[in-house]
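Rule-based calculations on the coordinates, nothing more; no lab input. If you're wondering where the values come from, they're calculated on a predicted model, not measured in any experiment. Cβ sites come from the backbone with ideal geometry, for glycine too, and all protein chains shown count toward neighbours.
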Number of protein chains: 2
Amino acid sequence: MFAILVYDVQEGRVAKALKICRKYLIWVQNSVFEGEITEARLRSLKGELMAVLEENNDSVIVYTFENSRYTKRVTWGIERGSVSNII
Amino acid sequence: MFAILVYDVQEGRVAKALKICRKYLIWVQNSVFEGEITEARLRSLKGELMAVLEENNDSVIVYTFENSRYTKRVTWGIERGSVSNII
C-alpha cells in the first residue's frame, strides 16, 4: 500500500523521528514522508517511532491507500525532497 | 475529490498561508490540511496561495484522490486539529 506520513513533533525529538521515518519512507518535505510500505513494516515503523516520541505531546498522521491508482501529487513552488515515482 | 495539502513555507509567510488554506480545507496538523475540494476551488486556492508565497523558496505539495474509498487515516500520539470524517 501507499502511505503518506506527516509528523508534528517537539524540536528535541525531530532528529530521531526523521532518522526512523527515513528507514521506511521517502522524505519529500519538512516532516512529510511518502512511499510504498507493507502493513508489517508500518507496524514496526509505528513501534520504533512511538518509542522515541511522547504520546501526549507529539502527533503523527498516516494516510494509507490500498492502491495509488486514484492518487495524484502536485508540487507548487520548489521540490524539496526526492519524490517517489509511484504517483 | 479529496485532497491533502502540506506546505513548508518561510516563517514570515506562514500566517498568510494558514489563513488562505483554512478557507478551502480543514487544518489537521502543523502545515497539514485535508478535505473535499473541487478542481475549480483547488485552482483558486493555488492562485491565492502562490500570490503570497515565493515560488523559489516555499514548497506546497497537494495529494488528490478521485475518491477516498481506498484511503485510511490514523493518528499516532495526540490529535492536533479537527479531522474531517471523510476518511
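Some notes on this structure:
- Degrees between helix A:39-52 axis and first principal axis of chain A (Cα, 0 to 90, nearest 10): 40
- Gyration tensor (alpha-carbon) shape descriptor, region B:2-65, a/c threshold 1.5: prolate
- Long-range HN-HN contacts of B:Asp58 with modeled amide H, under 5 Å: A:Ile78
- Cα centroid of region B:1-44 to Cα centroid of region A:1-57, whole Å: 22
- Pairs of Lys residues in the protein assembly as shown, spaced 8 or more positions apart or belonging to different chains, with C-alpha separations under 29 angstrom: 21 in total.
- For the protein assembly as shown, the C-alpha radius of gyration sits at 0.97 times the compact-globule guess of 2.2 N^0.38 Å, with N the residue count.
- The local environment of A:Ile78, defined by Cβ-Cβ distances under 14 Å, has a net charge of -3 under the rule Lys, Arg +1 and Asp, Glu -1.
- Applying the criteria of a DSSP loop state and at most 10 other Cβ atoms within 10 Å to the GluC sites (Glu not before Pro) of region A:14-87 yields A:Glu55.
- Computed [θ] at 222 nm, deg cm²/dmol, chain A (DSSP H ≥ 4; -39,500 (n - 2.57); rounded to nearest 500): -10500 deg cm²/dmol
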